[in-house]
Amino acid sequence: MTSPSSARLTIDLDALAHNYGVLCAHAPGAEPAPVLKADGYGLGAGPVGRRLWAEGARRFFVARLSEGEALRQALGPDMPAAIHVLDGFGPGTGPRLAAAALTPVLHSLAQAEAARAYAATARTPLAVTLHVDSGMNRQGLTPAEARALAQSPDRLQGLDVQVVMSHLGSATAPADPRNGLQLARFAAVRPLFPKARASFAASAGIFLGPDYRFDMVRPGVSLFGGGPEERPDPRLKAVATLEAPILDIRTVEAGETVGYGSSTVVEHPTRVAVVAAGYADGVIRAGKGQARAWCAGALRPVLIVTMDLIAVEIGEAQAQVGDFVELLGPHALLDDLAEAAGTVAHECLVRLGG
Ligand SMILES: *Cc1c(COP(=O)(O)O)cnc(C)c1O
C-alpha cells in the first residue's frame, strides 16, 4: 500500500489484455508483436510483457539492447519470446545479443556488414530483421540500399533475414497521402526478401486497413489506451491511472493569481484543491490551463502544475481533503491530456516511468 499522502500509479493489466484483443481483432492474420520500448512506455516492460505472453504474444520489439536484456530477464526461460532490438547491431554487441537471444534490427549497410562479419566468426547463422526506410527519414536502409543487399547475397552471408520492416510517419492522419506513398515503397521492397515476413504497421497503421497489415504488426501506444488518431477511442481502455490526494482546499478571490508568476489569474471567486502530485511525478507541466482532472464526479480545470503540487479549480464540488483526484485514467483520458500538454500520448506515459 502506498501512503495516502502521495500520488499512486495503477497499471490495469486486464485493460491491457482487452486492448491487445482489440488490436489483434483489427489485424486478422497478422502476428501481433507488441513494442515495449522505454520500459513498456514507462509502465513496466516486465509485468506488461508477461501478461501479453499470457494473452498469446510470442514476439516483442524494444529500442535499446539493455531493454532487450531486461525483458529477456523478466520473461525468463518459461517465456522464450522473440525479442527484436530496434537499435540493431552496434560495435561489439554481438556477444550480448547472442547471450540474451535478441534479434538485431539492422538499419544501415554498416550494421549489415558488422553483423555479417560477426556471424562469420561465430559460424552460426544470425537471425536478423531488416529495417527499410519508406519515407519517414528517421531510421532504416534506403530502398536502394535494401535492393543492393538483396542482389549481392555475399553481403548477407551467415545472416538469416527473418523479418523485413518499415515504419509509418503519418498513420495517425489516415487521409495523409504520405501513407500511400510509404506503402507503395514498402510493397516494392518487400519481394526482395521473399523468405522474410513483412511488418509495417504500428498502432495507428493497424487501423488504416488490410493493405497496411502485412504479416506482423507492431502496436505500442494503443496497447496502453492511446487512440490511433490521437484522440480518445472508445474501443480502448485506460491502462495507467494516476491519482493523488487533496492536501488542502482554499478559496481564491477574483483577480488573485495562483502559483508562480502572474499567468494564472482567477476571474471569479472559486475553490481550489491543492493536490499532492506534480511534474516530479511525471505530470507534464505544459498541461496547465488546458488539462482537466477528475474530481468529485466531474472533469475540472487544472490551474497549475508545480514540482510536487497541482491546483485544480473545483468550484462548489463536494470534495474533501484526503479525497483522490484522477490526473490520468478512465476519466481524465490519455489523449486529452496529451493534447492539452501539446504532446503525444507516448510522452505522457513515458514520463510516468519509474
Ligand atoms: C515506437 C515504434 C512502434 C510502436 O509505435 P506506436 O505508435 O506506439 O504504436 C512501432 N515500430 C517502431 C519502429 C517504433 O519505433
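The values are calculated or read from the model by the stated rules, or taken from the named source; none is laboratory data. Since this is a predicted model, take the numbers as computed values, not measurements. Here Cβ is always computed from backbone atoms with ideal geometry, including for glycine, and neighbour counts include all displayed protein chains. Heads up: the accessible areas ignore ligands, DNA and RNA and are worked out on the full protein's heavy atoms, side chains in. Shrake-Rupley method; radii C 1.70, N 1.55, O 1.52, S 1.80 Å.
What is the angle, in °, between the Cα long axis of helix 65-75 and the longest principal axis of the Cα atoms in the chain? Nearest 10 is fine, range 0 to 90. The answer is roughly 80 degrees.
Projecting the Cα atoms of 305, 252, 16 onto the dipole axis of the chain, where Lys and Arg carry +1 and Asp and Glu carry -1 at the beta carbon, places 16 farthest toward the positive end. A dipole drawn for the chain from +1 and -1 charges on Cβ atoms has a positive end, and of 221, 286, 36 the residue lying farthest that way is 36.
The Cα trace of the chain gives Rg and Dmax of 23.2, 76 Å, the first to one decimal, the second as a whole number.
Full extension of the segment from residue 249 to residue 299, taken as 0.36 nm per residue of separation minus the current Cα-Cα distance, would add 16.3 nm. Under Stokes-Einstein, with the Kirkwood radius over Cα pairs as Rh, the value for the range 161-284 at 37 °C and 0.692 mPa s is 177 µm²/s. Name the shape class, rounded, prolate or oblate, that the alpha-carbon gyration tensor gives for the range 61-185, where a ≥ b ≥ c are the square roots of its eigenvalues, rounded holds for a/c under 1.5, and otherwise prolate holds if a/b is larger than b/c and oblate otherwise. Taking the square roots of the gyration eigenvalues as a ≥ b ≥ c, the range 61-185 is oblate. Here's the picture: charge each Lys and Arg Cβ at +1 and each Asp and Glu Cβ at -1 in the chain, and of 63, 81, 318 the one pushed furthest to the positive end of that dipole is 81.
With a cut-off of 20 Å on the backbone N, the residues of the range 334-354 near the modelled label site 7 Å out from residue 6 along Cα-Cβ are 350-354. Can you give me the distance in nm between label points at residue 14 and residue 231, each placed 7 Å from the Cα along the Cα-to-Cβ direction? In this crude label model, residue 14 to residue 231 measures out at 3.0 nm. Counted over the chain, the DSSP beta bridges are approximately 55% antiparallel.
Rounded to the nearest 10 degrees, the inclination of helix 13-26 to the longest alpha-carbon principal axis of the chain is 50 degrees.
Computed over protein heavy atoms with a 1.4 Å probe, the carbon and sulfur contribution to the accessible area of the chain reaches 53%. The residues of the chain expose on average 45 square angstrom of accessible surface per residue, using a 1.4 Å probe on protein heavy atoms. Between residue 318 and residue 121, the distance separating the two model label sites (each 7 Å from Cα on the Cα→Cβ line) works out to 7.2 nm.
If you fit an axis through the alpha-carbon atoms of helix 177-189 and take the longest principal axis of the Cα set of the chain, what angle between them do you get, 0 to 90°, nearest 10? The helix 177-189 is inclined about 30 degrees to the chain.
Specify the inter-centroid distance of the range 25-86 and the range 154-206, based on alpha-carbon positions, in whole Å. Between the Cα centres of the range 25-86 and the range 154-206 lies a distance of 20 Å. Note on residue 176/residue 78: beta-carbon distance plugged into 1/(1 + (r/R0)^6) with R0 of 45 Å gives a FRET efficiency of 0.60. Each Lys and Arg Cβ is given +1 and each Asp and Glu Cβ -1; about its Cα centre, the range 141-284 then shows a dipole of about 820 debye.
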